[in-house]
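Below is one structure, written out as structure tokens, with a few remarks after it.
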Amino acid sequence: MAGGPLVSCRGCDPVTAVSGGDVPVHSSRLRIARIAAVTAGLVATGAAVGAVLGVLVTVTLLGSAGGGLALLLNIDSVLFIGAYGAAMGAVLGPLAAWLLMRHVPLWKAIGGTALGTLAGSLLGLVGDGEMGFAGAFLGFGAAAFLMWLENAWKTRNDTLDCRDLPRV
């Protein structure tokens, strides 16, 4: 991109013009590239967190069932659940981030959904041990929804109503 004068299109922000100053470079390409980069980062982070949580829950379950021997005998199960958690995190992480938690701080969105997923999966395993996946989904969804609700409530309370302003 050449450093020409700033020009603006109808309804667009001023953008740097290409070599001559008469043809604006639309920022939509840059915006799409930025969205793609953020989404790729969310996919990678969701996959990493999902894999760690899957392995953590599986190790906890197998460790409580039969100690270290059960864990060593079921290492394939641990790796499979880690891969499953990575796949779910890679899909659900960006989906929830863009749809529900767009204005939630990134650290809070990642940490909150991770804690919700962990709590839900452990609560799902407390009973007969077969509701871990359902609990993980419910915990993730509940955490994402609660963060969306908290952000919506803060946004609503932070906005001023024109009727509340003093008259001049």
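Each reported figure results from applying straightforward, stated rules to the coordinates on display, with no laboratory input. Computed from a prediction, not measured in an experiment: that's the story for all the values here. Positions of Cβ are backbone-derived with ideal geometry, glycine not excepted, and every protein chain shown enters the neighbour counts.
Evaluating M147 against the criteria (1) of a type outside the set (V, I, T); (2) free of Cβ contacts under 8 Å to residues at least 40 places away in the same chain; (3) buried (at least 21 other Cβ atoms within 10 Å of the Cβ) leaves one unmet condition, (2).
State all residues of the stretch 114-136 that are in contact (Cβ under 8 Å) with a residue 40 or more places away in the chain and surrounded by 14 or more Cβ atoms within 10 Å (Cβ to Cβ); if no residue qualifies, say none. If the condition is that a residue be in contact (Cβ under 8 Å) with a residue 40 or more places away in the chain and surrounded by 14 or more Cβ atoms within 10 Å (Cβ to Cβ), then A114, T117, L118, S121, L122, L125, G132, A136 are the ones that fit.
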